[in-house]
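For reference, the structure discussed in these notes is given below.
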Ligand code: PMP
C-alpha cells in the first residue's frame, strides 16, 4: 500500500469522504487520491515522492505555478508582523485599489475568504438593491456551496451526480430559477413567468464548471439587455476567470459590463481570499455604510492580502502572459484535435487562453445537457492513464484544466504525446 492509500484510509475515519472538498476524492474517476507533500513551479509532489505535472494549479490560483519566489518573499516579510489583526490594515486598501484599477466595472470592493462567500453576499446585495427575491442561474454553472446555488450546479455537484443537495429548503430552491446556458429564450421565458420578481442573473461568463464552455456571440450582450429591461442586476461570477482570461478577467474580452462581479482564486495567490465588487451605488449598501449585513473575522487577513497583492503585481509586471498562455492553450488544442482524428476517438476540444477541456463526445458542447453526453467512463480511464505518466488532470470530466506560465512548450508536447499513448492503448 502506498502512503497516499494509507493516508486516505486514515482520513476517511475523521473527515467525510477523506477530503475537505469533494472532487479531490477521485470519486468519479475511481481509485485513491494522492496526498500532496509539497508543490514547486509546475509540479506537485506526493507523500510517496512521486512528481506530477500539475494541470489543476490548485483549481485556478496558481497562474505562475506553485510557490512563486516573489509571493514567497512577500509572505515571509509579512509573517514577521503577525497573522491576523481583526482591525483595518494598509494592504486591504492596496488590494482593493489594485482590483479596482484592473477591473473597470468594479468601483468598490469587499474582501471575503472564499468564492462561496463572495457569491452569497453578491446575491444578498442584489436582492436588497432591487427589493426582489428570485435569481436566475444556469444549469451546470457552479457558484460555490451557498444554498441558493446548489440547484442544477456544476463542478463537484455534477461530478457526484447530485443535482439538488438535501438540506436546501424548498423555499430557498423556489427562489432560484435555472436557465440553459447559451439559450437567451430560456432566460426570457423566466422573466415573463416571474414578472418583477427577479433580482439578478448570475453566471460564469465563460464556464469552467461543466468543463470549459464558451458563450456564443450575443449571449452575454442579450443577458445585459434582459437585465436592463427588467431592472435586474447582472452578476459575473469571475471566481475562476478573474485575472485568468485577461488582467481584467472575462470583462477584458467584452464590452459588456456587469453590475457586480465576484472574484476568488487568483486574487488570493493561493491563500483563502474572495471578493465581490461593482457599482458604487450598489456596493454602498453593504454594512457599515449601508444596511446589508456581511462580515468576516479573517476577512482582509494580512497574509492573504499580501499574497493577493503580490499576485496582481506579478500580473501587472508581466503583461505578455496572456498571449503566451493562449499560445500554449492553442498548441494543446491542436494536439488533441489531431489525436481525436488520428485515433478516431470522438472529442470536443475546447480552449480559451489558459483554460482547457477535452469532452469525450462527438458533439459540440454549448450547455450542460451537451456536456453530459461525454463518456465519463472513458474520461476516468484517460485520467488514470495520464496520472500514471505523471500528469495530474482535474479528476472529473466537468472541470477545466488550468495552464500556468511555468509549463513549457516541451511539456505541452509531452502532455499531447502522453495522451496519444494513453488513448491509443484503449483502442488496442
Ligand atoms: N464560483 C466559481 C465560478 C467557482 O469556480 C468556484 C470554485 N470552483 C466558486 C464560485 C466557489 O469558490 P470557493 O471554492 O472558493 O468557495
Considering residues of segment 272-291 that are under 23 Å from the mean Cα position of the chain (by Cα) and in a strand (DSSP E or B) only, the residue farthest from residue 314 (Cα to Cα): 278
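Per-residue answers, yes or no, for (1) away from the ligand (no atom under 16 Å from the Cβ); (2) out of contact with any strand residue (DSSP E or B) (no Cβ under 7 Å at 6 or more places or on another chain); (3) in contact (Cβ under 8 Å) with a residue 24 or more places away in the chain:
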| site | (1), (2), (3) |
| --- | --- |
| 112 | no, no, yes |
| 120 | no, yes, yes |
| 136 | no, no, yes |
| 147 | no, yes, yes |
| 150 | no, no, no |
| 154 | no, no, yes |
| 175 | yes, no, yes |
| 179 | yes, no, yes |
| 191 | yes, no, yes |
Criterion violated by residue 310 - all others in (1) assigned by TED's automatic domain parsing to the domain that holds residue 91; (2) in a helix (DSSP H, G or I); (3) crowded, with 24+ Cβ neighbours inside 10 Å satisfied: (3)
Candidate set: segment 221-236, residues that are more than 12 Å from the ligand (Cβ to nearest atom) and surrounded by 24 or more Cβ atoms within 10 Å (Cβ to Cβ); chosen: the one farthest from residue 349 (Cα to Cα): 232
Residues being surrounded by fewer than 23 Cβ atoms within 10 Å (Cβ to Cβ), within 16 Å of the ligand (Cβ to nearest atom) and assigned to a helix (DSSP H, G or I) - total across segment 157-173: 2
Pairs with Cβ under 7 Å, 6+ apart, first in segment 275-290 and outside the structural domain of residue 259 (by TED's automatic domain parsing) and modelled with pLDDT under 95, second loosely packed, with under 13 Cβ neighbours inside 10 Å and not in a loop (DSSP other than H, G, I, E, B): none
Positions within segment 176-191 being in contact with a helix residue (DSSP H, G or I) (Cβ under 7 Å, 6 or more places away or on another chain) and part of a loop (DSSP other than H, G, I, E, B), in sequence order: 180, 181, 182
Enumeration of residues in segment 249-266 that are under 19 Å from residue 70 (Cα atoms) and near the ligand (Cβ under 9 Å from one of its atoms): 265
So residue 17, is it within 30 Å of residue 241 (Cα to Cα) and touching a strand residue (DSSP E or B) at 6+ places or on another chain (Cβ under 7 Å): no
Single unsatisfied condition, residue 143 versus (1) within 16 Å of the ligand (Cβ to nearest atom); (2) assigned to a helix (DSSP H, G or I); (3) within 30 Å of residue 373 (Cβ to Cβ): (2)
Some residue of segment 237-248 being under 17 Å from residue 137 (Cα atoms), part of a strand (DSSP E or B), within 16 Å of the ligand (Cβ to nearest atom) and assigned by TED's automatic domain parsing to the domain that holds residue 112: yes
Some residue of segment 198-209 being within 16 Å of the ligand (Cβ to nearest atom), in contact (Cβ under 8 Å) with a residue 24 or more places away in the chain, part of a helix (DSSP H, G or I) and under 23 Å from residue 351 (Cβ atoms): no
Only listed residue being under 23 Å from the mean Cα position of the chain (by Cα), within 16 Å of the ligand (Cβ to nearest atom) and surrounded by 24 or more Cβ atoms within 10 Å (Cβ to Cβ), chosen from 296, 269: 269
Identity of the residue in segment 133-149, within 20 Å of the chain's Cα centre (by Cα) and surrounded by fewer than 23 Cβ atoms within 10 Å (Cβ to Cβ), that ends up nearest to residue 121 (Cα to Cα): 146
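The values are calculated or read from the model by the stated rules, or taken from the named source; none is laboratory data. The structure displayed is predicted, hence computed values, not measured ones. So basically every Cβ, Gly included, is an ideal-geometry build from the backbone, and we count neighbours across all protein chains shown.
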